[in-house]
Amino acid sequence: MEDRMKLITCRFFYAEALHIIETEKLSDVDLEFTKAGCNNCRLAQSEVTDPDFLSSTQMMRIETQVYNQMGRTTSPVLQRCAFLLLGSTLASHLIKRGEVLVSPGWLMNWQQQLSEMTGTGDLQVHKSYVKSLGSLRLLDSGVYPEVHQHCAAFQEALDVQVAYLPVGMDYYREKLLNYHCQWRMSQTNTQMKQKTRQISAYTLFFEKLPEAASINQMDELMDRGFDIFATLTGATRMAFRFAGDYQVGTTYYYRHQHYASELDAILEQPEFTQYRQTANGTGFIMGIRHQEQMIGYMEIDDIPVPAYLSYYMDLAQMVGGIFALLLVNVLRNETLHRVKEEARAEKMANQAKNHFLANMSHEIRTPMNGFQGMLQLMQMTELTDEQEEYLTYAQTAADRLLRVMDDILNYSRIEAERIAFLSAAFQPAALLQETVELFEVAAKNQGNEMIMHVAEEIPLTLWGDPFKLRQVLSNLIGNAVKFTRSGRITVSLDKGNQMESNKQQLIFTVKDTGIGIDESKLEMIFERFGQVEPVDTRRYGGTGLGLTTAKMLVEKMGGTIQVTSRKNVGSTFSFTALFDTHETSEQA
């Protein structure tokens with residue numbers, strides 16, 4: 001919609017029209033004039049059909065009818081519309097008196113006009129023609145300072161007299177202001193119609209928005225989005241392509257009808273920002289952004305009314321912003337769904353693996369128990385020294401294999417959540433003493449000194465699962481013995497915080513002077529199958545599940561486990577656990 005009025009007037013009235021526009025401060029009017037003379041004036045002949053000529057055409061048609069009503073349609077005239085400067089009432093009176101009216105603009109171009117009217121440039125013909133008309137009167141508008149000089153030259157050349165009549169142009173001013181007022185009203189009506197269409201479009205869009213907002217599948221959202229844009233613009237060809245890292249290379253088409261889209265070229269133009277008209281001029285391409293980040297490009301083409309492209313672009317800007325939010329929502333939902341599916345698949349795979357490990361551990365452990373029994377029976381028979389040595393090696397290998405099976409079985413049970421915690425009475429100090437005594441022989445064989453310290457304030461009896469506690473302690477003390485040669489191992493028990501009225505925290509610490517662990521690798525020792533160095537597995541044995549299992553058991557007992565260590569200096573493992581201070585029937 002144009003926001004300026006284009007007014008085209010006769011060139012003989014250009015100065016007067018410009019004067020009125022400037023004095024009335026009509027800043028939204030662009031004034032132009034026709035170059036043709038009176039004989040070929042399309043305005044006077046009412047032949048103009050171009051909308052730009054509307055105001056002037058209407059004016060000339062009205063005034064031509066007024067002049068015809070004066071009874072002079074067959075009489076020769078110099079300037080049919082000169083009386084616009086005067087008004088039809090007074091002009092009619094002067095015409096009936098036989099006067100011929102001319103404007104200053106016509107008089108300043110009298111030679112060219114008379115040549116066109118008479119068909120010759122002969123001055124004598126001009127003189128005869130003018131004298132045949134009667135008395136002449138100049139309607140002086142006062143906007144041409146040099147008009148008097150031209151009038152004098154006209155009188156002298158044609159030997160005629162011209163009477164002056166100063167005019168105030170009230171009638172002409174009123175006409176121009178009336179046309180301007182009509183144009184303003186037309187503009188307002190057009191704006192109101194556009195606003196009405198816009199409100200209708202917004203209403204339609206928001207009616208469809210709740211349905212689109214509930215969509216979680218990209219294909220379905222694209223179909224709904226294309227339907228909305230098609231309803232708002234009438235476009236029959238549309239395409240959308242993601243930008244950046246969003247579904248790279250994916251292009252969606254309206255109703256899945258592929259065509260030669262311009263989106264490929266857009267992706268190669270980093271300077272593209274917001275809008276660009278399509279090559280055929282019947283559509284546009286716009287960027288879909290969310291929080292200043294380009295998500296993709298939407299091409300809307302084959303719009304039935306290309307004249308309203310600017311209107312459709314403004315409408316698409318609002319719709320595009322909401323469409324971007326819906327796209328981001330669907331992308332996030334798809335990502336979340338994918339992550340959930342991957343997590344579910346991983347969980348199922350872990351469960352299957354844990355069930356397999358548990359079953360295999362049982363299946364292997366059963367024949368191993370029989371194998372160990374047979375080895376023990378063989379030890380009770382008479383053996384040579386060589387046979388006894390071989391049997392000792394076999395018993396050691398069987399014990400190690402059973403420990404591996406126990407580690408795998410315990411870990412798989414815990415991870416599969418198939419392990420139950422008892423609530424039984426036990427004496428913490430006595431349990432620690434019994435556990436330490438199990439490792440005294442092995443520690444002494446490696447030249448280690450075993451020290452145990454129990455704080456005096458430790459309660460005599462608590463309730464919990466002594467078997468799980470013994471398993472954790474056995475793992476930590478066993479590691480200390482395994483990795484320490486000719487050193488010292490200290491096991492201590494201290495009282496922790498009173499967490500609740502019926503809960504007591506205990507702190508267990510196992511400190512050794514063994515090979516230690518590099519500080520950079522402390523975080524990995526609690527991971528599944530974690531070994532500080534690959535060579536440790538061959539030298540010391542183990543599955544890498546012991547500390548992982550210990551950590552999981554400690555956490556099940558409401559505690560935490562920590563480690564500090566220095567290479568070739570030693571390690572300190574400590575953990576906390578919560579126990580009931582009185583008997584309870586609950587099981588964890």
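The values are calculated or read from the model by the stated rules, or taken from the named source; none is laboratory data. Please read these numbers as outputs of a predicted model, since none were measured by experiment. We place every Cβ from the backbone using ideal geometry, glycine too, and count neighbours over all the protein chains shown. Only protein heavy atoms, including side chains, enter the accessible area calculation; ligands, DNA and RNA are left aside. Shrake-Rupley method; radii C 1.70, N 1.55, O 1.52, S 1.80 Å.
Taking the condition at pLDDT 90 or above, surrounded by 15 or more Cβ atoms within 10 Å (Cβ to Cβ) and in contact with a His (Cβ under 7 Å, 6 or more places away or on another chain), does residue 136 pass?
Numbers: at pLDDT 90 or above: yes; surrounded by 15 or more Cβ atoms within 10 Å (Cβ to Cβ): yes; in contact with a His (Cβ under 7 Å, 6 or more places away or on another chain): no.
Judged against the criteria, residue 136 is not a match.
Please determine, by comparing only the residues of region 435-459 that are assigned to a helix (DSSP H, G or I), in contact (Cβ under 8 Å) with a residue 12 or more places away in the chain and not small (Gly, Ala, Ser), which one is farthest from residue 580 (Cα to Cα). Talk me through it step by step, then tell me what you get.
Of region 435-459, the ones assigned to a helix (DSSP H, G or I) are 435-438, 440-445.
Now narrow it down to the ones that are in contact (Cβ under 8 Å) with a residue 12 or more places away in the chain: 435-436, 438, 442-443.
With not small (Gly, Ala, Ser) added as a condition, the list becomes 435-436, 438.
On the way: 435: 21, 436: 23, 438: 26 Å.
Among them, the one singled out is 438.
What residue, of 96, 127, 131, is touching a helix residue (DSSP H, G or I) at 6+ places or on another chain (Cβ under 6 Å) and of a type in the set (D, E, K, R)? Step through it out loud before you land on a result.
Details: 96 fails: touching a helix residue (DSSP H, G or I) at 6+ places or on another chain (Cβ under 6 Å); 131 fails: touching a helix residue (DSSP H, G or I) at 6+ places or on another chain (Cβ under 6 Å).
When all the criteria are applied, what remains is 127.
Report, by residue number, each residue of region 519-533 that is hydrophobic (A, V, I, L, M, F, W, C), farther than 16 Å from residue 566 by Cα and at pLDDT below 65.
First, the residues of region 519-533 that are hydrophobic (A, V, I, L, M, F, W, C): 522, 524-526, 529, 532.
This time we only want the ones that are farther than 16 Å from residue 566 by Cα, so: 526, 529.
The one that is hydrophobic (A, V, I, L, M, F, W, C), farther than 16 Å from residue 566 by Cα and at pLDDT below 65: 529.
Let's see how each residue does on (1) modelled with pLDDT of 65 or more; (2) touching a helix residue (DSSP H, G or I) at 6+ places or on another chain (Cβ under 9 Å):
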site	(1), (2)
157	yes, yes
163	yes, no
172	yes, yes
189	yes, no
199	no, no
217	yes, yes
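Quick check on region 395-407: of everything there that is open to solvent by 30 Å² or more (accessible area, probe 1.4 Å) and of a type outside the set (Lys, Arg), which residue is modelled with the lowest pLDDT? Please lay out each step first, then the result.
Initially, region 395-407 is screened for residues open to solvent by 30 Å² or more (accessible area, probe 1.4 Å), giving 396-397, 399-401, 403-404, 406-407.
Right, trim to of a type outside the set (Lys, Arg) and you get 396-397, 399, 401, 404, 406-407.
Details: 396: 77, 397: 79, 399: 75, 401: 76, 404: 71, 406: 71, 407: 68.
Looking at the filtered set, the residue picked out is 407.
May I ask you to verify whether residue 338 is among the basic types (Lys, Arg), more than 25 Å from residue 216 (Cβ to Cβ) and open to solvent by 20 Å² or more (accessible area, probe 1.4 Å)? Before the answer, list the steps.
Values: among the basic types (Lys, Arg): yes; more than 25 Å from residue 216 (Cβ to Cβ): no; open to solvent by 20 Å² or more (accessible area, probe 1.4 Å): yes.
The answer is no for residue 338.
Can you go through 156, 116, 146 and tell me which one is charged (D, E, K, R) and in contact (Cβ under 8 Å) with a residue 40 or more places away in the chain?
Details: 156 fails: in contact (Cβ under 8 Å) with a residue 40 or more places away in the chain; 146 fails: in contact (Cβ under 8 Å) with a residue 40 or more places away in the chain.
Sole residue among the options that is charged (D, E, K, R) and in contact (Cβ under 8 Å) with a residue 40 or more places away in the chain: 116.
Among 236, 273, 231, which is open to solvent by 50 Å² or more (accessible area, probe 1.4 Å) and modelled with pLDDT of 90 or more?
Numbers: 273 fails: modelled with pLDDT of 90 or more; 231 fails: modelled with pLDDT of 90 or more.
Answer to the selection: 236.
Quick check on residue 128: is it open to solvent by 50 Å² or more (accessible area, probe 1.4 Å), touching a Gly at 6+ places or on another chain (Cβ under 8 Å) and of a type in the set (S, T, N, Q)? Let's see the steps before the verdict.
Details: open to solvent by 50 Å² or more (accessible area, probe 1.4 Å): yes; touching a Gly at 6+ places or on another chain (Cβ under 8 Å): no; of a type in the set (S, T, N, Q): yes.
Spelling it out, it is not the case that residue 128 is open to solvent by 50 Å² or more (accessible area, probe 1.4 Å), touching a Gly at 6+ places or on another chain (Cβ under 8 Å) and of a type in the set (S, T, N, Q).
Please go through region 464-483 and give me each residue that is open to solvent by 50 Å² or more (accessible area, probe 1.4 Å) and closer than 19 Å to residue 507 by Cβ, ordered by number. Reasoning before the result, please.
Taking region 464-483 and keeping what is open to solvent by 50 Å² or more (accessible area, probe 1.4 Å), we get 467, 470-471, 482-483.
If the condition is that a residue be open to solvent by 50 Å² or more (accessible area, probe 1.4 Å) and closer than 19 Å to residue 507 by Cβ, then 470, 471 are the ones that fit.
Quick one: what pairs do we get from region 554-574, first residue closer than 20 Å to residue 423 by Cα, second open to solvent by 50 Å² or more (accessible area, probe 1.4 Å) and among the acidic types (Asp, Glu), C-beta under 6 Å, 6+ apart or different chains?
Matching pairs, first to second residue: none at all.
Let's see how each residue does on (1) outside any loop (DSSP other than H, G, I, E, B); (2) modelled with pLDDT under 90; (3) within 20 Å of residue 572 (Cα to Cα):
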{"residue": "411", "(1), (2), (3)": "yes, yes, no"}
{"residue": "414", "(1), (2), (3)": "yes, yes, no"}
{"residue": "421", "(1), (2), (3)": "no, yes, no"}
{"residue": "472", "(1), (2), (3)": "yes, no, yes"}
{"residue": "505", "(1), (2), (3)": "yes, no, yes"}
{"residue": "509", "(1), (2), (3)": "yes, no, yes"}
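Of everything in region 469-483, what is in contact (Cβ under 8 Å) with a residue 40 or more places away in the chain and among the polar types (S, T, N, Q)? Give them in sequence order.
Residues satisfying the conditions are 471, 475, 479.
For region 159-183, enumerate the residues that are within 20 Å of residue 8 (Cβ to Cβ) and either of a type in the set (Ser, Thr, Tyr) or in contact (Cβ under 8 Å) with a residue 12 or more places away in the chain (or both).
169, 171, 172, 173, 175, 176, 177, 179, 180, 182, 183
Which residue, of 387, 379, 317, 351, is under 30 Å from residue 259 (Cβ atoms) and surrounded by fewer than 16 Cβ atoms within 10 Å (Cβ to Cβ)?
Working: 387 fails: under 30 Å from residue 259 (Cβ atoms); 379 fails: under 30 Å from residue 259 (Cβ atoms); 351 fails: under 30 Å from residue 259 (Cβ atoms).
Every option except 317 fails the conditions.
Which residues, counting only those in region 140-167, are under 19 Å from residue 17 (Cα atoms) and open to solvent by 50 Å² or more (accessible area, probe 1.4 Å)?
142, 145, 146, 166
Please work out which residue is modelled with the lowest pLDDT, limiting yourself to region 7-18 and to residues that are farther than 17 Å from residue 138 by Cβ and part of a helix (DSSP H, G or I).
Pass one, region 7-18, residues farther than 17 Å from residue 138 by Cβ: 7-9, 11, 14, 17-18.
The next check asks that each one be part of a helix (DSSP H, G or I); those that pass are 11, 14, 17-18.
Values: 11: 82, 14: 88, 17: 89, 18: 91.
Once the filter is applied, the top-ranked residue is 11.
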